[in-house]
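The values are calculated or read from the model by the stated rules, or taken from the named source; none is laboratory data. Fair warning: this is a prediction, and the values are worked out from it, not measured in the lab. Cβ placement follows ideal geometry from the backbone for every residue including glycine, while neighbour counts extend to all protein chains displayed.
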Amino acid sequence: MSKIGYIRVSTEHQETARQEALMQQYQVERIFAEKISGKNTNRPELKAMLDYVREGDTLYIESISRLGRSTRDLLNIIDILQGKGVTLVSSKENIDTNTPQGRFVLSIFAALSELEREQTLQRQREGIAIAKAQGKYKGRQPIAIDWVKFGQLYDMWKSQAITAVEFQKRMNLRANTFYRRLKEYEHGQK
């Protein structure tokens, strides 16, 4: 059960002193600090911190904006922390996920994220409907199959010379596509 701190400023010219002082107040044992934009999700110290934290640890941050700029990125990070059983404490927003109020605030964030996802999907469906009406949308093209090779491998599979997994690998197909094509092939054989 460690106290971990994460400090981030957006540019090399900004100072971390204020956040470091806050970490001293919380008596943080280990600090991960970096000078990089929050828009960038590829942050080495953030990744190192997420790998480092363990169940029962508490992560201290100065502000939610230190973790991420977009709601989606922030919620992904919070999901990782919750999945690991790590408590999050944000000083500025007065959030502590060990309290009912802190969990409530996170549930609001999650609801907003879900709303954002649903709206994106709805816009996507509307765009596809318009494109279909205009004759511009054809959908995903089916994966081309070498039926001769498929037939040869099918015979080997039926005689148990190869496994279904080996069959899929040799045809370079994922399981769901493989079984769909298998049904097509067997239906065509009858």
- Note on the structure: Subset of the stretch 19-53, residues charged (D, E, K, R) and within 15 Å of SER65 (Cα to Cα), comes to GLU34, LYS35, LYS39, ARG43
- Pairs only if they're at least six apart or on different chains, beta carbon under 9 angstrom, first in the stretch 39-57 and surrounded by 13 or more Cβ atoms within 10 Å (Cβ to Cβ), second assigned to a helix (DSSP H, G or I) and not aliphatic (A, V, I, L, M); list them, first residue then second. THR41/ASP73; THR41/ASN76
- So GLN160 fits all but one of (1) farther than 30 Å from ARG72 by Cβ; (2) loosely packed, with under 10 Cβ neighbours inside 10 Å; (3) in contact with a helix residue (DSSP H, G or I) (Cβ under 9 Å, 6 or more places away or on another chain); what number is the exception? (3)
- Whichever residue in the stretch 21-61 is closer than 16 Å to LEU74 by Cβ and assigned to a helix (DSSP H, G or I) and, among such residues, is farthest from the chain's Cα centre (by Cα): MET49
- Query: Taking ILE36, is it surrounded by 15 or more Cβ atoms within 10 Å (Cβ to Cβ), closer than 13 Å to ILE7 by Cβ, among the hydrophobic types (A, V, I, L, M, F, W, C) and free of Cβ contacts under 8 Å to residues at least 60 places away in the same chain?
  - Reply: yes
- Query: Within the stretch 79-120, can you find the residues that are among the acidic types (Asp, Glu) and either within 28 Å of GLN24 (Cα to Cα) or outside any helix (DSSP H, G or I) (or both)?
  - Reply: ASP79, GLU93, ASP96
- Message: I'm checking my understanding of the structure. Among residues of the stretch 80-124 that are under 16 Å from the mean Cα position of the chain (by Cα) and modelled with pLDDT of 85 or more, which one is surrounded by the fewest Cβ atoms within 10 Å (Cβ to Cβ)?
- Response: GLY83
- Could you list, in sequence order, the residues of the stretch 7-20 that are without any contact (Cβ under 8 Å) to a residue 40 or more places away in the chain and assigned to a strand (DSSP E or B)? VAL9
- Can you give me the number of residues within the stretch 151-177 that are of a type outside the set (D, E, K, R), part of a helix (DSSP H, G or I) and under 35 Å from the mean Cα position of the chain (by Cα)? 8
- Can you pull out the residues in the stretch 71-87 that are among the polar types (S, T, N, Q) and closer than 14 Å to ILE61 by Cβ? THR87
- Note on the structure: From the option list THR120, THR177, single residue qualifying as over 30 Å from LEU74 (Cβ atoms) and not assigned by TED's automatic domain parsing to the domain that holds ILE64 is THR177
